[in-house]
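The values are calculated or read from the model by the stated rules, or taken from the named source; none is laboratory data. In this text the structure is predicted, and so the values were computed from the model without any measurement. For neighbour counting, all protein chains shown are included, and Cβ atoms are generated from backbone atoms with ideal geometry for every residue, glycine included. Areas reflect the complete protein model, heavy atoms only, side chains present, ligands, DNA and RNA absent. Shrake-Rupley method; radii C 1.70, N 1.55, O 1.52, S 1.80 Å.
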Amino acid sequence: MLAAALFLLTASVPTHAAIQAAASDDSFLSPWTYSTLILVLLLCALVVYKKRRSAAESIDFSEPAKSLQRTARPATTQPTAARVAVEPATLNERRAPAVERRAPVIEGSQVWEKPNPVEVETSVYGAYRIDQEVGKLILGKTHRMDVMASRATDDRRAIEASLVKALESWENDADARRRAREALEEYGFVARQSAMMLMGRDAWERSSAARSLGQIGSPSSLTFLIEALHDSDSVVRNQAVASLGELKMPAAIGALLDIARRHSDIPASLLSATLSACSVESLGYLDASSSEPALLADGSAGTESRDLGNFLAFADLPEGDDDAALTDMLGRLASPDEHARAQVVSELASHPARRAVAALSSVALSDSESSIRSAAVSGLGSIDHESVFATILIALADASREVRAAAARTLSGLSFDRADAYVRVMETADADTLQTVARACITTGIVAQAINRLASEDRHQAYEAFSLLSLLAKANETEPILEAIRSHKDEEVRLAAIRVLNVAAQPDLAPTLREMAGAEALAENVRTAILEVLYKLDQDQPVFDLGSSDNGAVSLHNSL
């Protein structure tokens with residue numbers, strides 16, 4: 001356009017002169033003829049210029065710019081092979097710099113297609129339908145697995161809440177709780193909480209997950225909770241300790257003792273309660289038994305079943321007087337050197353004799369070093385005889401956590417029957433030892449567990465509980481028994497506790513029983529049972545009368 005303007009300016013002067021000359025000469029060509037020719041030439045020049053410009057730009061350099069606006073697919077930045085083959089060399093040379101300049105910009109400006117977002121439904125079945133299916137599951141009925149396996153956010157939250165509620169409900173029995181716990185494991189809730197506890201973004205999220213795992217009580221979460229003991233936040237560590245107490249698994253004792261040494265900020269009361277729960281309140285410890293009483297087809301006890309009068313069923317250990325090596329070890333046991341005493345304790349565990357048991361028991365209860373007391377308790381467990389039972393029970397209430405943990409591990413690994421061992425302690429221990437054992441059982445929670453099992457359908461558990469409470473009655477530590485008679489919610493347990501007093505009550509218990517019998521709120525059948533015990537005490541019958549009428553296989557449990 002600038003060239004055209006200049007051309008018009010330069011051509012205007014001669015054109016004007018030509019027009020004047022033509023006018024004076026009266027020529028054939030008019031002034032407008034020159035102007036027309038000039039305009040035609042100008043138009044032709046513009047057309048030729050346009051064609052040459054189009055030929056030079058035969059490759060569209062606007063293609064990269066257009067590709068920036070595409071979102072359906074990435075832009076292509078290189079010409080096709082066929083197109084390059086047919087282009088003249090001169091054009092390739094002219095375009096190469098431009099392509100090199102544009103390539104980095106184009107490469108950095110590629111816009112890829114976004115994937116379609118997955119639509120996650122917040123709710124599919126609803127809380128009411130989910131609660132129905134969870135109710136069927138915990139009752140052992142057929143339920144819809146597609147409902148339980150729903151991946152909708154609100155459904156998952158409702159399923160977990162319903163299952164946890166079923167675990168905590170007192171209306172559900174042990175089987176229902178087991179089904180709820182298995183469902184929480186099977187449908188991934190335990191795994192999700194475990195991952196959140198270890199990988200959560202903040203301490204509140206991790207501690208909340210640890211608390212949920214404690215509520216669920218799944219054994220599969222043990223390793224994750226142990227790992228959470230090493231969390232950097234003290235709140236998470238403390239919650240992991242509390243949740244391990246809910247699991248009540250002796251396998252956590254070692255990790256708890258280790259974390260107590262590493263972190264002094266863990267409350268002593270919390271750690272002690274957890275160690276106690278993992279030690280003696282563990283269902284694994286109380287349920288484990290080496291033998292069960294033989295039952296006949298009708299459910300009655302066979303001829304080989306045990307009763308409280310079978311006091312001579314134990315095989316006593318040899319005295320060990322003729323063992324020179326044992327005598328030498330006992331002489332070195334009084335050494336002031338801690339390492340020497342520890343070595344002797346380790347060697348005594350390989351000598352199952354009365355003298356070795358007596359020496360290990362003395363060390364377990366009186367040595368000044370907790371590590372040696374712990375080793376002595378473990379040594380008694382290696383001997384594994386009924387005569388070590390009383391010492392291990394007392395060690396459960398030791399002031400040292402290390403000793404308590406060793407006693408708990410030892411107690412869970414004994415092979416003899418605990419019910420018979422309680423009877424042996426009653427018959428062989430002196431009054432002070434008997435009272436110490438009874439108080440240790442009360443302190444560590446064994447008695448509380450035993451009271452709840454007095455009316456158990458499992459005959460062996462009921463017999464073991466009866467034996468332990470009889471030991472308490474003989475040691476005159478009857479307060480837990482009396483409290484069960486006063487306020488236990490299960491009437492069968494209250495009647496079974498009265499049966500214990502009927503067999504092993506001391507005469508000085510009569511005033512307390514008369515006061516209880518006079519209570520107005522007492523059930524009539526419970527009052528009658530108490531009056532029977534009072535009548536027996538008033539008749540001055542033997543305190544520990546173990547006649548055949550008192551040792552029937554059924555009367556030891558929940559029938560009167």
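For the range 232-242, does any single residue satisfy the condition of being open to solvent by 20 Å² or more (accessible area, probe 1.4 Å), among the acidic types (D, E) and within 19 Å of A203 (Cα to Cα)?
Initial filter on the range 232-242 (open to solvent by 20 Å² or more (accessible area, probe 1.4 Å)): 232-235, 238-239, 242.
Now restrict to residues that are among the acidic types (D, E): 233.
With within 19 Å of A203 (Cα to Cα) added as a condition, the list becomes 233.
So far as the range 232-242 goes, yes, one or more of its residues are open to solvent by 20 Å² or more (accessible area, probe 1.4 Å), among the acidic types (D, E) and within 19 Å of A203 (Cα to Cα).
Please determine, by comparing only the residues of the range 263-275 that are without any contact (Cβ under 8 Å) to a residue 12 or more places away in the chain and part of a helix (DSSP H, G or I), which one is most open to solvent (accessible area, probe 1.4 Å).
Just the residues of the range 263-275 that are without any contact (Cβ under 8 Å) to a residue 12 or more places away in the chain, to begin with: 264, 268-269.
Then drop every residue that is not part of a helix (DSSP H, G or I), which leaves 268-269.
Values: A268: 59, S269: 92 Å².
Within the range 263-275, the match that is most open to solvent (accessible area, probe 1.4 Å) is S269.
Rundown of residues vs (1) of a type in the set (A, V, I, L, M, F, W, C); (2) within 21 Å of S221 (Cα to Cα), yes/no style:
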| residue | (1), (2) |
| --- | --- |
| N172 | no, no |
| A180 | yes, yes |
| E186 | no, yes |
| R192 | no, yes |
| A195 | yes, yes |
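E477 fails exactly one of the following numbered conditions: (1) open to solvent by 30 Å² or more (accessible area, probe 1.4 Å); (2) modelled with pLDDT of 90 or more; (3) assigned to a helix (DSSP H, G or I). What is the number of that condition?
(3)
Quick one: in the range 520-546, of everything that is open to solvent by 60 Å² or more (accessible area, probe 1.4 Å) and part of a loop (DSSP other than H, G, I, E, B), which residue is modelled with the lowest pLDDT?
First pass over the range 520-546, keeping only residues open to solvent by 60 Å² or more (accessible area, probe 1.4 Å): 520-521, 524-525, 528, 531-532, 535, 538-542.
If we keep only those that are part of a loop (DSSP other than H, G, I, E, B) as well, we get 520-521, 539-542.
On the way: E520: 79, A521: 80, Q539: 73, D540: 55, Q541: 51, P542: 48.
Filtering first and then ranking leaves P542.
Determine, yes or no, whether A161 is modelled with pLDDT of 90 or more and open to solvent by 30 Å² or more (accessible area, probe 1.4 Å).
Values: modelled with pLDDT of 90 or more: no; open to solvent by 30 Å² or more (accessible area, probe 1.4 Å): yes.
Here the answer is no, as A161 does not meet what is asked.
So A497 ticks every box in (1) surrounded by 23 or more Cβ atoms within 10 Å (Cβ to Cβ); (2) over 21 Å from R439 (Cβ atoms) but one. Which box is left unticked?
(2)
I want to confirm something. Restricting to the range 408-423 and keeping residues that are among the small types (G, A, S) and touching an Asp or Glu at 6+ places or on another chain (Cβ under 7 Å), which single residue is modelled with the lowest pLDDT?
Of the range 408-423, the ones among the small types (G, A, S) are 408, 412-413, 415, 419, 421.
In the following step, the residues that additionally are touching an Asp or Glu at 6+ places or on another chain (Cβ under 7 Å) were identified as 415, 419, 421.
On the way: S415: 87, A419: 90, A421: 92.
Once the filter is applied, the top-ranked residue is S415.
Go over the candidates A191, A166, A176 one by one and state the one that is assigned to a helix (DSSP H, G or I) and modelled with pLDDT of 90 or more.
On the way: A166 fails: modelled with pLDDT of 90 or more; A176 fails: modelled with pLDDT of 90 or more.
The match here is A191.
Restricting attention to the range 243-253, which residues are open to solvent by 30 Å² or more (accessible area, probe 1.4 Å) and either within 20 Å of A397 (Cβ to Cβ) or acidic (D, E) (or both)?
Here is the first cut: in the range 243-253, the ones open to solvent by 30 Å² or more (accessible area, probe 1.4 Å) are 246, 248-251.
Passing the criteria: E246, K248, P250.
Does the range 200-214 contain any residue that is of a type in the set (D, E), closer than 21 Å to S276 by Cα, modelled with pLDDT of 90 or more and in a helix (DSSP H, G or I)?
In the first step, residues of the range 200-214 are kept if they are of a type in the set (D, E); the result is 202, 205.
The next check asks that each one be closer than 21 Å to S276 by Cα; those that pass are none.
Within the range 200-214, none of the residues are of a type in the set (D, E), closer than 21 Å to S276 by Cα, modelled with pLDDT of 90 or more and in a helix (DSSP H, G or I).
Mind telling me which of the residues E457, E483, E492 ends up being open to solvent by 40 Å² or more (accessible area, probe 1.4 Å), within 24 Å of Y535 (Cα to Cα), of a type in the set (D, E) and without any contact (Cβ under 8 Å) to a residue 40 or more places away in the chain? Reasoning before the result, please.
Values: E457 fails: within 24 Å of Y535 (Cα to Cα); E492 fails: without any contact (Cβ under 8 Å) to a residue 40 or more places away in the chain.
The unique qualifying residue is E483.
Cβ-Cβ under 9 Å, sequence separation 6+ or interchain: first residue in the range 232-255 and under 12 Å from T274 (Cβ atoms), partner aromatic (F, W, Y) and not in a helix (DSSP H, G or I). Which pairs?
No pair meets every condition.
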